[in-house]
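Below is one structure; the comments refer to it alone.
Throughout, read-outs are computed from the coordinates displayed, never taken from laboratory work. What you see is a predicted model; the values in this text were computed from it and never measured. A quick note on method: Cβ atoms are made from the backbone with ideal geometry, for glycine too, and the neighbour counts reach across all protein chains shown.
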Amino acid sequence: MSKRISILGSTGSIGVNALKVASHLKDDLEIVYLSANRNAELLIQQAEEFKPEAVCIVEEASFPNVQNALVGSDIEILLGREGLLELASRNNVDILLNGLVGAPGMEPTLIAIEAGINVALSNKESLVMAGDIIQHAMDKSGAKLFPVDSEHSAIWQCLVGENIDDVRRLILTGSGGPFRTRDINSFDTITVEEALNHPNWDMGRKITIDSATMMNKGLEVIEAYWLFGFTPDRINIVVHPQSIIHSMIELRDGAIKAQMGVPDMKVPIQYALTYPRHLEAPWEQLDFLKCGDLTFEEPDFQRFPCIKLAFDSLEKLGTSGAALNLSNDYSVYRFLNGEIKFTDIPRINESSMAKHDWTEHPTLEDLKELDSWIKNHVESY
Ligand code: MG
């Protein structure tokens with residue numbers, strides 16, 4: 001029996017790859033809902049190919065295009081942020097894949113979990129912002145999170161069959177991004193083009209900048225904390241420039257399990273959608289004889305202060321993760337617009353964490369207020 005799948009963010013990098021998975025697994029996965037922010041043209045193309053029951057376009061200006069193109073089909077069209085949240089709550093699906101970018105992806109995760117839907121989570125910001133709230137909602141509804149982030153998918157796969165008490169620590173690998181070996185004194189002059197040029201992974205713009213600052217790895221530490229329940233002292237980062245080992249677990253007896261493969265997001269996406277099965281896939285396989293040396297280095301907290309901020313946020317918990325994440329969303333946006341320097345990103349994030357009005361158990365409302373405070377704070381920098 002095929003699984004019914006809802007995809008939020010279907011025209012983004014994760015969504016597009018998920019649909020590649022769906023098109024080769026036509027008998028196993030049925031695409032039921034699709035949502036896009038503003039790329040009407042691609043959403044229409046996807047709707048025509050996969051014939052979902054409903055689509056949502058968030059940006060109002062793109063609505064007429066979608067409507068005109070799908071007139072006469074029996075595809076329902078939802079509109080705006082409201083339509084997106086409505087789609088997230090529809091629980092006649094087996095899995096909702098959340099491929100949304102940044103903080104706006106958090107509420108749809110929560111809504112889906114509350115509706116009892118298992119969420120394949122690419123939007124790590126959901127857990128960084130509201131790990132506590134989502135955890136409670138999961139306990140209540142019984143819905144689960146299936147990691148899509150390659151590192152967390154790797155750990156999830158390594159944990160299969162293990163007793164969690166036997167795991168000493170999680171080892172997250174990271175490529176180190178494009179500036180791993182760049183002279184630290186020239187970080188001030190890093191351009192947007194340089195930062196968007198990732199050596200191994202082909203991803204969206206926001207996450208590519210996060211990889212360049214290594215904020216991404218920091219956010220992944222926080223994500224691992226919430227997904228697997230390991231304290232920060234039991235979550236380590238190892239820089240592994242080739243991105244062949246996607247992450248590891250170390251067991252009490254010293255055994256280490258690693259999950260490996262070519263760096264291709266379709267692999268973790270497919271596993272999240274077909275879990276617990278590893279179904280046939282047509283992508284390139286890892287060739288050990290051609291992949292060259294695998295090397296490992298310690299992460300450089302001085303070069304990449306954003307990693308340290310993430311560990312700090314886990315010491316403080318409460319709103320610290322949300323403040324860090326929101327601040328990072330807005331500062332990366334400003335960097336991409338050419339308004340601030342690369343090195344301003346960690347500076348602004350640190351200031352947002354230190355200066356915001358910290359609370360221990362924020363509600364969704366508190367987080368919305370925090371959002372506008374942080375937005376102002378970052379814009380006034
Ligand atoms: Mg990742």
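Tabulated values for the structure
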read-out: Helical mean residue ellipticity (222 nm; -39500 (n - 2.57) per DSSP H run of 4+; nearest 500) of the chain; value: -13500 deg cm²/dmol
read-out: Taking the convex hull of Cα positions in the chain, its mean projected area over all directions (nm²); value: 18.9
read-out: log₁₀ of I(q)/I(0) at q = 0.11, 0.18, 0.23 Å⁻¹ - region 108-228, Debye sum with one point per alpha carbon; value: -0.45, -0.99, -1.30
read-out: Pairwise centroid distance, computed over Cα atoms, of region 319-381 with region 111-156, Å; value: 22
read-out: Under the span-like rule (Cα at least 18 Å along the axis, Kyte-Doolittle mean at least -1.0), DSSP H helices of the chain; value: 125-141, 215-228, 320-336, 364-379
read-out: Separation of the residue 82 and residue 51 label points, Cα + 7 Å toward Cβ, nm; value: 3.1
read-out: Translational D in µm²/s for region 259-381 (Stokes-Einstein at 20 °C, 1.002 mPa s, Kirkwood Rh from C-alpha pairs); value: 122
read-out: Exposure proxy order (Cβ contacts within 10 Å, fewest to most) of 359, 213; value: 359, 213
read-out: Violating pairs (Cα-Cα greater than 22 angstrom) within the set 308/355; 140/375; 3/266; value: 140/375
read-out: Positive-end residue, region 147-191 charge dipole about Cα centroid, Cβ charges, pick of 170, 150, 191; value: 191
read-out: The chain: relative contact order in percent, alpha carbon pairs under 8 Å with at least 6 residues between; value: 14
read-out: Under the Debye formula (equal points on every Cα, no solvent term), log10 I(q)/I(0) of region 1-97 at q = 0.18, 0.22, 0.24 Å⁻¹; value: -0.73, -1.10, -1.30
read-out: Percent RCO, i.e. relative contact order, over region 89-202, from Cα pairs under 8 Å lying at least 6 residues apart; value: 19
read-out: For region 139-186, Kirkwood radius (reciprocal of mean inverse C-alpha pair distance, Å); value: 14.0
read-out: Local electrostatic count at residue 11 - Lys and Arg +1, Asp and Glu -1, tallied over other residues with Cβ under 10 Å; value: 0
read-out: Cut-off 13 Å between beta-carbons: net charge of the residues surrounding residue 34, Lys and Arg +1, Asp and Glu -1; value: -2
read-out: Charged-residue dipole, Cβ positions (Lys, Arg, Asp, Glu), the chain about Cα centre, Debye nearest 20; value: 340
read-out: Segments 345-351, 158-164 sorted - mean Cβ within 10 Å per residue, highest first; value: 345-351, 158-164
read-out: GNM flexibility winner over the chain from 221, 262, 119 (Cα, springs under 10 Å); value: 262
read-out: Label point distance in nm, residue 202-residue 165, each placed 7 Å from Cα along Cα→Cβ; value: 4.7
read-out: Peptides ranked, highest mean first, by Cβ atoms within 10 Å: ranges 230-241, 33-44; value: 33-44, 230-241
read-out: Projected label distance in nm at residue 135 and residue 231, using a 7 Å step from Cα toward the beta-carbon; value: 1.3
read-out: Residue-span extension gain [residue 192 to residue 289] - 0.36 nm each, minus C-alpha spacing; value: 31.4 nm
read-out: Net lengthening on full extension, residue 366/residue 92 (0.36 nm per residue, minus Cα-Cα); value: 95.6 nm
read-out: Under-5 Å amide H pairs with residue 54, H placed in peptide plane, nonlocal only; value: 34, 76
read-out: Rounded Å value of the spacing that divides the Cα centres of region 221-246 and region 269-301; value: 16
read-out: Förster-model FRET efficiency, 25 Å R0, residue 300 and residue 381, C-beta, rounded to 0.05; value: 0.50
read-out: Most fluctuating residue given options 315, 107, 220, as computed from a GNM of the chain linking Cα atoms under 10 Å; value: 315
